[in-house]
Amino acid sequence: TIENLSFKVKDLALAEAGRHQIRLAEHEMPGLMALREEYRDSQPLAGARIGGSLHMTTQTAVLIETLVDLGADVRWCSCNIFSTEDGAAAAIVVGRDGTPENPQGVPVFAWKGETLEEYWWCTEQMLDFPDGPNMILDDGGDATLLIHKGTEFEANGVVPPADEEASDEYRVILDLLNRSLAENPTRFTEMGKQIKGVTEETTTGVMRLYEFERDGSLLFPAINVNDAVTKSKFDNKYGTRHSLIDGINRATDTLIGGKTAVVCGYGDVGKGSAESLRGQGARVIITEIDPICALQAAMDGYQVTTLEDVLETADIFITSTGNKDIISAEQMQRMKPQAIVGNVGHFDNEIDMAGLARIPGVTKTEIKPQVHEWTFPDGSNIIVLSEGRLLNLGNATGHPSFVMSNSFTNQTIAQIELWTKTEEYPVGVYTIPKHLDEKVARLHLDALGVKLTELTKSQAEYIGVDVEGPYKPDHYRY
Ligand code: NAI
């Protein structure tokens with residue numbers, strides 16, 4: 001059993017190094033720094049107790065300290081077992097005014113390389129405010145899921161759906177809920193009641209929220225941050241364009257130029273992935289199920305075919321679908337020796353890792369943490385990155401600060417919206433109003449030396465918009 005602590009990170013001695021990284025990141029995050037300036041006096045998040053579950057990286061550290069500067073009380077965990085930067089986590093616990101001997105910062109429960117039990121324990125600790133959380137900031141929806149499943153469990157012992165039952169993760173959650181029920185039979189029900197809302201970072205978490213909304217079980221209002229234009233069309237695409245090859249390079253140091261790389265899925269993340277690999281000189285092949293995205297890929301100059309067609313010939317395989325069962329264990333056995341297999345979708349069910357481990361006679365060799373060679377009985381091998389979990393965060397440090405400033409400015413604005421205008425958001429899933437989306441972009445122009453053209457009043461009237469924006473109707477797709 002792991003005891004209950006006020007924080008748990010790898011090592012507070014890493015705080016100084018983490019603080020240097022945070023300091024440099026602040027300069028690259030003009031949107032968040034502008035919000036600190038704008039709201040430092042009015043403290044719009046005063047009274048908010050925000051429970052955050054989002055990759056505990058340097059960029060997230062700047063987000064956390066922004067929320068604190070706006071008046072919030074914050075607790076944090078990571079939303080992936082491999083994505084924490086231990087220096088950033090330590091620096092946030094120590095805080096700007098503390099020392100490793102006398103930490104003054106925010107309770108963080110996160111370290112790089114958690115087990116699944118530790119991961120869910122961290123999520124539980126993150127929610128453990130003395131008076132409970134009243135806001136959630138989520139990435140992938142695990143914190144929201146725990147509160148929803150917990151509420152369901154406390155009401156009628158209903159267990160999660162059948163297809164999750166077989167997984168190790170399901171058993172971990174079930175153990176947690178059983179233990180929680182024995183300690184406090186109304187814990188998650190009470191928690192759900194006082195939560196004013198959740199702001200959700202990613203495509204996969206948003207999909208879960210719309211499911212809760214559809215089946216009528218959504219417990220509190222939610223803002224879909226992912227579908228702000230300045231989030232998904234920037235972080236998912238340009239962020240991945242940077243961090244995908246960063247992960248592959250740090251993990252394998254294999255030359256990408258001249259190789260054949262397959263990207264499964266040509267959504268926002270797939271588009272960034274494909275461009276990232278093409279930029280290194282790889283020949284990139286796309287797989288898609290959606291004719292529109294397939295046509296986009298073809299027009300962007302990529303070959304589009306099925307995975308089956310290229311299994312034996314490609315060198316690098318990347319999944320970016322947010323869907324399950326994309327690469328099977330049997331398919332991995334047919335790949336070229338030393339083919340590289342990795343995922344940048346949110347969950348690890350895109351690649352059948354459990355099936356891989358079940359192949360009779362297969363062996364797994366750790367080359368280094370988060371890089372494994374799997375050798376098949378016939379002597380052939382493949383390299384799997386981050387055990388099938390987000391490789392750009394597991395093998396590298398995720399997206400760079402400037403693009404995350406856009407995402408996290410949206411997150412902060414969404415938190416302020418739900419916290420200060422609670423009555424305007426009945427239970428449901430909302431996107432960020434367009435004028436705020438445009439504001440996020442505007443806050444990032446100066447740093448890049450962008451000079452914006454101003455509409456004249458008569459031009460604005462001609463195209464039917466206000467001089468100050470919003471400049472596009474909601475159905476416009478960018
Ligand atoms: P998206 O919905 O824009 O793109 C996914 C694409 O995959 C769609 O075009 C869909 O048609 C396609 N697809 C679905 N099933 C497929 C299959 N069986 N074979 C081939 N293609 C298939 O979603 P987005 O925003 O690109 O996100 C994808 C995943 O990446 C999500 O899980 C999201 O949460 C995650 N994500 C990861 C990030 C990272 O840093 N690694 C950053 C942002 C999002």
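The values are calculated or read from the model by the stated rules, or taken from the named source; none is laboratory data. Being a predicted model, the structure only gives us computed values, none of them experimental. Reconstructed Cβ throughout: ideal geometry from the backbone, glycine too, with neighbour counts over all protein chains shown. The area values use the complete protein model at the heavy-atom level, side chains included, leaving out ligands, DNA and RNA. Shrake-Rupley method; radii C 1.70, N 1.55, O 1.52, S 1.80 Å.
Of the helices (runs of 4 or more DSSP H) entirely within region 201-311, those holding at least 3 residues that are of a type outside the set (A, V, I, L, M) and open to solvent by 60 Å² or more (accessible area, probe 1.4 Å) occupy 203-214, 240-252, 268-279. The set of residues in region 338-361 being surrounded by 13 or more Cβ atoms within 10 Å (Cβ to Cβ) and more than 20 Å from Asp168 (Cα to Cα) consists of Gln338, Ala339, Ile340, Val341, Gly342, Val344. Before we move on, is Met299 more than 28 Å from the chain's Cα centre (by Cα) and either within 15 Å of the ligand (Cβ to nearest atom) or modelled with pLDDT under 95 (or both)? Yes, satisfied. Of note, Val198 satisfies the criterion of being of a type in the set (Val, Ile, Thr), at pLDDT 95 or above and not in a helix (DSSP H, G or I). Per the conditions (1) at pLDDT 95 or above; (2) in contact with a helix residue (DSSP H, G or I) (Cβ under 9 Å, 6 or more places away or on another chain); (3) within 30 Å of Glu114 (Cα to Cα), the sole criterion not satisfied by Gly31 is (3). What do you reckon, is Glu423 out of contact with any His (no Cβ under 9 Å at 6 or more places or on another chain), surrounded by fewer than 17 Cβ atoms within 10 Å (Cβ to Cβ), under 30 Å from Gly71 (Cβ atoms) and without any contact (Cβ under 8 Å) to a residue 24 or more places away in the chain? Considered against the rule, which asks whether it is out of contact with any His (no Cβ under 9 Å at 6 or more places or on another chain), surrounded by fewer than 17 Cβ atoms within 10 Å (Cβ to Cβ), under 30 Å from Gly71 (Cβ atoms) and without any contact (Cβ under 8 Å) to a residue 24 or more places away in the chain, Glu423 comes out as yes.
Among the residues of region 199-222, those identified as under 16 Å from Gln415 (Cβ atoms) and more than 16 Å from the ligand (Cβ to nearest atom) are Phe220, Pro221. Any chance you could count how many residues in region 315-368 are acidic (Asp, Glu) and within 17 Å of the chain's Cα centre (by Cα)? The total comes to 2. If I filter region 312-337 down to residues being of a type in the set (A, V, I, L, M, F, W, C), closer than 20 Å to Leu244 by Cα and more than 11 Å from the ligand (Cβ to nearest atom), which single residue comes out as surrounded by the most Cβ atoms within 10 Å (Cβ to Cβ)? Only one residue tops the list, namely Phe317. Looking only at residues in region 242-264 that are within 11 Å of the ligand (Cβ to nearest atom) and in contact with a Gly (Cβ under 6 Å, 6 or more places away or on another chain), the one that is nearest to Lys196 (Cα to Cα) is Ser243. Within the option set Glu350, Glu366, Glu308, Glu387, being within 16 Å of the ligand (Cβ to nearest atom) and touching a His at 6+ places or on another chain (Cβ under 8 Å) holds for one residue only, Glu387.
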